[in-house]
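Step one of this worksheet: look at the structure below.
No lab work stands behind these numbers, since they all come straight from the coordinates. Keep in mind it's a predicted model, so treat the numbers as computed, not measured. Neighbour counts run over all protein chains shown; Cβ positions are idealised from the backbone, glycine included.
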Amino acid sequence: MVDVHCHLNLHKFDNDYDEVIKDAFEKGVTTIINTGTSIPSSRKAVELAQKYEHLYAIVGIHPHHADKTDIEFEGELHDNWLSELEKIAKSPKVVGIGEIGMDYFSYKSNGIVEKKLQEEAFRAQIELSIKLGLPLQIHNRLAWDDTLNILSDYKKEFQDPPGMFHCYSGSIEFTRKVLDAGFYLGFDGNITYKGLPPREDTALLDLVKYAPIDRILTETDSPFLTPEPFRGSRNTPANIPVIIEFIALEKGISYNKLKLQIDSNLKTVFSI
Ligand SMILES: [Zn+2]
Ligand SMILES: [Zn+2]
């Protein structure tokens, strides 16, 4: 059982990530990937990965931070964020570049970063992933066409498969294009929420139904997106079985069959 995208590298886990990781392994999760969103959080993801055999890291600059690549957070200053990221990405526990992409959703805590800056950071990191031979973990929010158009410029250089879209949402038509481009789809605890996701026109459950099981990955995006019935509390990778159970039920297949298929998908995309 795998959590391909969580953030135990964020401060919300500073006091108890050892217990959180232990708890997830006890509940049957076998692989956890922490994803970076900045240089410091990418470095932290690698540090955690070095402590535990079954923990891995994906490193990159989130589109929210595409305007902060020169002056980083937490007092760090880099004249060349890309070479810093490349150094971090060369750790043997790094299995991908992410979460990178485009985000046109205006959050309370983060307005929309200038599109040009998002695109520059996205392209630079796609090129880094090609240089290092690492798959991509894409973050797309309301930027469907732009995200796919940018990716399609590199399709001849991508490995097969090129990677995954994390926290998947979009229309059926968009999903068809993402699958055609070879990407896998990561589903989170928000598939258990009622109604449409904000500003989306397709229910996540319809996407779960549409997605072939050999193209699905499971993730929690912890500490965010806690699945029902635990919504409201901090999410942890220990909730992966809840997500698998929900997808299995929706697709009318057995929990075990789905679990084994997702383990095999993990191998195909991230060679773990
Ligand atoms: Zn994301
Ligand atoms: Zn995330």
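List of remarks:
- The range 59-184, dipole about Cα centre (Lys/Arg Cβ +1, Asp/Glu Cβ -1), debye to the nearest 20: 400
- Charge dipole of the chain (Cα centre as origin; +1 on each Lys and Arg Cβ, -1 on each Asp and Glu Cβ, all else neutral): 560 debye, rounded to the nearest 20.
- Residues Ser109, Ser222, Ser254, Ser171, arranged from fewest to most other Cβ atoms within 10 angstrom of their Cβ, appear as Ser109, Ser254, Ser171, Ser222.
- Look at Glu157, Glu53, Glu219, Glu200 and count the other Cβ atoms within 10 Å of each Cβ; fewest to most, that gives Glu53, Glu157, Glu200, Glu219.
- Selection from Val208, Phe122, Val178, by position along the positive dipole direction of the chain (Cβ): Val208
- Length gained when the stretch Asn110-Ile213 is fully extended (0.36 nm per residue, less Cα-Cα span): 33.7 nm
- The trypsin sites (Lys or Arg not before Pro) of the range 142-187 meeting both criteria, a DSSP state outside H, G, I, E and B (loop) and at most 14 other C-beta atoms within 10 angstrom of the site's C-beta, are Lys155, Lys156.
- Placed amide H near Tyr184: partners under 5 Å, 5+ positions off or other chain: Gly163, Met164, Phe165
- Rounded, prolate or oblate (a/c below 1.5 giving rounded, otherwise prolate when a/b exceeds b/c) for the range 70-203 by Cα gyration tensor: oblate
- Residues Leu82 and Asp18, FRET efficiency given R0 of 35 Å [Cβ-Cβ distance, rounded to 0.05]: 0.65
- Selected from Phe183, Phe174, Phe158 as most flexible by GNM, with the chain as the system and alpha-carbon contacts under 10 Å: Phe174
- Computed from point charges on the beta carbon alone (+1 for Lys and Arg, -1 for Asp and Glu), the dipole magnitude for the range 176-248 about its Cα centre is near 100 Debye.
- For a label point 7 Å along the Cα-to-beta-carbon line of Lys267, residues of the range 15-53 with backbone N under 19 Å: 29-33
- Ranked list, fewest to most other Cβ atoms within 10 Å of each Cβ, for Asp145, Asp16: Asp145, Asp16
- P(r) weight above 31 Å for the chain, C-alpha pairs, percent: 19
- Calculated log₁₀ intensity ratio I(q)/I(0) where the Debye formula runs over C-alpha points of the range 198-248, q = 0.24, 0.28, 0.30 Å⁻¹: -1.04, -1.16, -1.19
- Selected from Asn239, Asn149, Asn140 as most flexible by GNM, with the chain as the system and alpha-carbon contacts under 10 Å: Asn149
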